[in-house]
Amino acid sequence: MLVYFVPFFIALIVAYALTPSVKKLAIKVGAIDKPDPRKVHTHTIPRLGGLAIYFGFMAGVLYSMPLNHEMLGLLLGCSAIVCIGIWDDICNIPAKVKLVGQIVSACIPVAFGIQIEWLTNPFGTLIVLPEIVAIPVTIFWIIGFTNTVNLIDGLDGLAAGVSFIASISMFLMAVSMNQYLPAMIIISMAGAALGFLQYNFNPAKIFMGDTGSMLLGYTMAVTAVLGLVKTAATIALVVPVIALGLPILDTLFAIVRRKMSGVPIFTPDKGHLHHRLLALGLTQKQAVLIMYCVSAVLGLVALFVASVNYKTGILTVAIVLAVIIYSAKRIGILHKTTNSTHKQ
């Protein structure tokens with residue numbers, strides 16, 4: 001286990017050391033997040049902090065591992081998604097342009113052979129996916145995770161903290177399955193996220209912006225596929241889904257809520273979990289800490305599911321899902337929205 005501390009601390013130290021310089025750069029290039037009625041913060045804050053996460057992550061990975069074919073595909077893809085994020089943080093590019101950039105970025109690791117080529121069903125049978133299916137499925141998987149983390153970036157320190165917790169869960173799973181390469185990658189990302197969090201926790205001095213949130217989701221998605229490629233065990237994909245269950249379910253609840261309200265599913269509202277917690281009288285810091293705890297519980301559930309038979313795993317997920325849906329109803333996440341003018 002000690003070998004993994006090196007990339008973790010390199011990434012943490014580099015991200016922490018570079019964030020003040022990135023903050024100055026963000027101000028210089030106009031990557032500024034201004035307050036408005038749709039947002040929680042009340043004063044101007046620079047974004048683009050994801051650039052520090054990127055350099056920390058790259059430092060941890062490149063110091064610890066040789067640059068083989070798979071690593072090259074991952075790092076090129078990460079660099080591409082960061083470029084899209086920088087562009088968006090500075091210029092606020094249209095959503096369709098950003099989606100095209102995400103698709104191109106997702107295609108890079110696929111071109112280097114990082115694909116969901118097979119799955120195992122609950123009975124242990126291997127299902128081989130033809131390339132015509134494997135490629136779009138992999139691209140959809142990567143884009144889905146890229147946007148999942150992006151959508152939860154609504155409070156100081158929320159996306160960075162949740163991503164750190166999910167990354168640790170994925171790291172522990174990878175180590176338990178002797179997946180050296182995925183473990184090294186994801187522990188580097190965890191260190192970079194934690195280093196940046198020192199400046200991003202409430203009251204935030206800088207936001208990660210799309211540069212950071214897309215990078216975090218993208219890296220976890222590609223690393224999960226790498227884990228699948230190395231072991232042919234579908235649990236490599238299941239663990240990040242459960243570990244990132246908080247933003248995934250929050251997004252699904254938003255879709256259900258908007259359908260119930262008869263409004264387009266992309267219409268922003270104030271019904272997300274962090275909005276509801278704030279509406280109940282919690283401070284930003286308290287709301288984020290609660291969501292950290294929920295993410296940590298989901299991370300433990302993910303590791304438990306990875307270590308038991310499929311029947312126990314399915315039962316566990318069903319129970320947790322039932323508890324989450326009940327809690328969501330209690331705090332109003334699934335209530336019909338009456339205000340669709342607010343940003344997520």
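Cα centroid distance between region 243-262 and region 138-153, in Å?
Cα centroid of region 243-262 versus Cα centroid of region 138-153: 14 Å apart.
Extending each Cα 7 Å along its Cβ direction at residue 285 and residue 63, get the distance between those two points in nm, one decimal.
3.1 nm
Given the C-alpha atoms of region 219-308, compute the convex hull and give its volume per residue in Å³.
It is 127 Å³ per residue.
Grab the Cα-Cα distance for residue 325 and residue 260, subtract it from 0.36 nm times how many residues apart they are, and report the gain in nm with one decimal.
21.8 nm
Sort 132, 187 by Cβ crowding within 10 Å, fewest neighbours at the top.
The fewest-first ordering by Cβ neighbours comes to 132, 187.
Averaged over every viewing direction, what's the projected area of the C-alpha convex hull for region 132-279? Give it in nm², one decimal, please.
9.8 nm²
Quick one: which residues, 5+ away or cross-chain, put their amide H under 5 Å from the amide H of residue 117? H built at 1.01 Å from N.
Those lying under 5 Å, H to H, from residue 117: there are none.
Can you work out the FRET efficiency for the pair residue 198 and residue 129, with r the C-beta to C-beta distance and R0 = 41 Å, to the nearest 0.05?
Efficiency, from the Cβ-Cβ distance: 0.50.
Compactness ratio of region 1-131: Cα Rg over 2.2 N^0.38 Å, N = residue count?
Expressed relative to 2.2 N^0.38 Å, the Cα Rg reads 1.34.
Please give the Cα centre distance for region 90-137 versus region 290-329, rounded to the nearest Å.
Value for the Cα centre distance between the two parts: 26 Å.
Filter 24/205; 96/230; 98/285; 24/285; 34/205 down to the pairs with a C-alpha to C-alpha distance above 23 Å, please.
Result: 96/230; 98/285; 24/285 exceed 23 Å.
Treating only the Cα positions of the chain as identical point scatterers, give the base-10 log of I(q)/I(0) from the Debye formula at each q in 0.08, 0.11 Å⁻¹.
For the chain, the Cα-only Debye profile gives -0.35, -0.69.
If each DSSP helix of 4+ residues adds -39,500 (n - 2.57) and the sum is divided by the residues in the chain, what number results at 222 nm, nearest 500 deg cm²/dmol?
Dividing the helical sum by the residues of the chain leaves -24000 deg cm²/dmol.
Given N residues in region 102-146, what is its alpha carbon radius of gyration divided by 2.2 N^0.38 Å?
This ratio for region 102-146 stands at 1.21.
To check my understanding: the extent here is largest minus smallest coordinate of the Cα atoms along each principal axis. What are those three numbers for region 130-212, in Å, largest first?
Taking max minus min along each principal axis of the Cα atoms, region 130-212 gives 49, 28, 15 Å.
Tell me the trypsin sites (Lys or Arg not before Pro) within region 1-89 that lie in a loop according to DSSP and have at most 15 other beta-carbon atoms within 10 Å.
Sparse-neighbourhood loop trypsin sites (Lys or Arg not before Pro): 38, 39.
So, by mean Cβ neighbours within 10 angstrom, what's the order for 281-289, 83-91, 69-77, 221-229 with the highest one leading?
Top of the packing list down: 221-229, 83-91, 69-77, 281-289.
Sort 96-102, 3-9 by packing, meaning the average of other beta carbons within 10 Å per residue, with the highest value first.
Going from most to least packed, we get 3-9, 96-102.
Laboratory data are not the source of any read-out in this text; all were calculated from the coordinates shown. All of these numbers come straight from a predicted model, not from anything done at the bench. A quick note on method: Cβ atoms are made from the backbone with ideal geometry, for glycine too, and the neighbour counts reach across all protein chains shown.
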